[in-house]
1. Evaluate the Kirkwood expression for the hydrodynamic radius of the stretch 1-98, namely the inverse of the mean inverse distance over all pairs of different C-alpha atoms, and round to one decimal in Å.
2. Distance between Cα centroids, the stretch 155-169 to the stretch 4-20: provide it in whole Å.
3. Which trypsin sites (Lys or Arg not before Pro) in the stretch 94-137 pass both tests, a DSSP loop state and at most 16 other beta-carbon atoms within 10 Å?
4. Return the sequence-ordered ³J(HN,Hα) values of the stretch 29-36 in whole Hz as given by the Karplus equation 6.51 cos²θ - 1.76 cosθ + 1.60 applied to θ = phi - 60°, using x for Gly and Pro.
5. Leaving out ligands and nucleic acids, note down the accessible area per residue over the chain with a 1.4 angstrom probe, in whole Å².
6. What's the carbon and sulfur percent of the chain's accessible surface, probe 1.4 angstrom, rounded to a whole number?
7. Okay, helix-only estimate at 222 nm for the chain: each DSSP H run of n ≥ 4 adds -39500 (n - 2.57), divide by all residues, round to 500 deg cm²/dmol; what do you get?
8. Taking the 0 to 90 degree range and rounding to the nearest ten, how far is the long axis of helix 154-177 tilted relative to the main principal axis of the chain, both from C-alpha atoms?
Amino acid sequence: MGSAEQDIASEYTKLQKMVRARHAEVVKLSAGDDQFAVEYARLVSNTERLLQFERTIPERLAEPQLRLSQRTVTWSWCGQAVVGAALIALVFILGHTLWWLVLLVPHFLGALAGSAQKAGAGDHVHRRRTAVGLHIVGVLVALVSLSVISSWFLVAIFVGWIAVAIATSQAPAEAGKKGGRA
């Protein structure tokens with residue numbers, strides 16, 4: 001069990017003990033006793049705190065994965081924007097034909113635009129997978145633009161761009177359909 005799970009279990013156990021203690025006090029008293037109303041109100045209050053905590057457990061358990069997804073999404077899209085800018089610069093440095101800019105500028109602009117997105121609680125896994133898929137397209141863009149592989153791979157690049165664009169645009173809608181669960 002990880003640190004986050006241990007903290008959650010510890011807090012949950014503490015709240016349960018508080019409810020049990022209040023319940024034990026209420027059971028000792030009779031309904032007509034003046035102290036009964038006070039202890040009963042404490043029992044209700046502690047029970048509400050326990051129930052509220054139970055509602056937050058799924059989000060608390062998902063927090064480490066959410067943070068990983070947020071870092072992955074941010075660094076992936078920003079990294080691809082840097083790669084795109086570097087490849088654009090290489091076109092000029094290496095004296096390649098300016099037609100390569102037709103491939104590189106959209107990759108750069110798309111990655112730059114995608115770098116502003118945030119991974120939310122309901123769609124973070126989807127966005128993380130999409131960001132990793134972006135790297136596959138980025139590798140193809142780099143290899144084709146540097147003439148390491150055939151220009152026929154342009155078809156795979158265009159298909160990859162379309163797949164990443166569709167996956168990026170559908171992420172919030174899918175998260176809503178799944179009830180916000182990842």
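The values are calculated or read from the model by the stated rules, or taken from the named source; none is laboratory data. What you see is a predicted model; the values in this text were computed from it and never measured. Cβ atoms come from the backbone with ideal geometry, glycine included; neighbour counts cover every protein chain shown. Ligands, DNA and RNA are stripped out before the accessible areas are found, and what is left, the full protein with its side chains, is counted by its heavy atoms. Shrake-Rupley method; radii C 1.70, N 1.55, O 1.52, S 1.80 Å.
1. Kirkwood hydrodynamic radius for the stretch 1-98: 18.3 Å.
2. 46
3. For trypsin sites (Lys or Arg not before Pro) across the stretch 94-137 that sit outside H, G, I, E and B with at most 16 neighbouring Cβ atoms in 10 Å, the list reads 118.
4. The phi angles translate into 9, 8, 4, x, 6, 4, 6, 4 Hz.
5. 61
6. On the way: 7310 of 11180 Å².
Within the chain, the accessible surface is 65 percent carbon and sulfur.
7. -29000 deg cm²/dmol
8. 20
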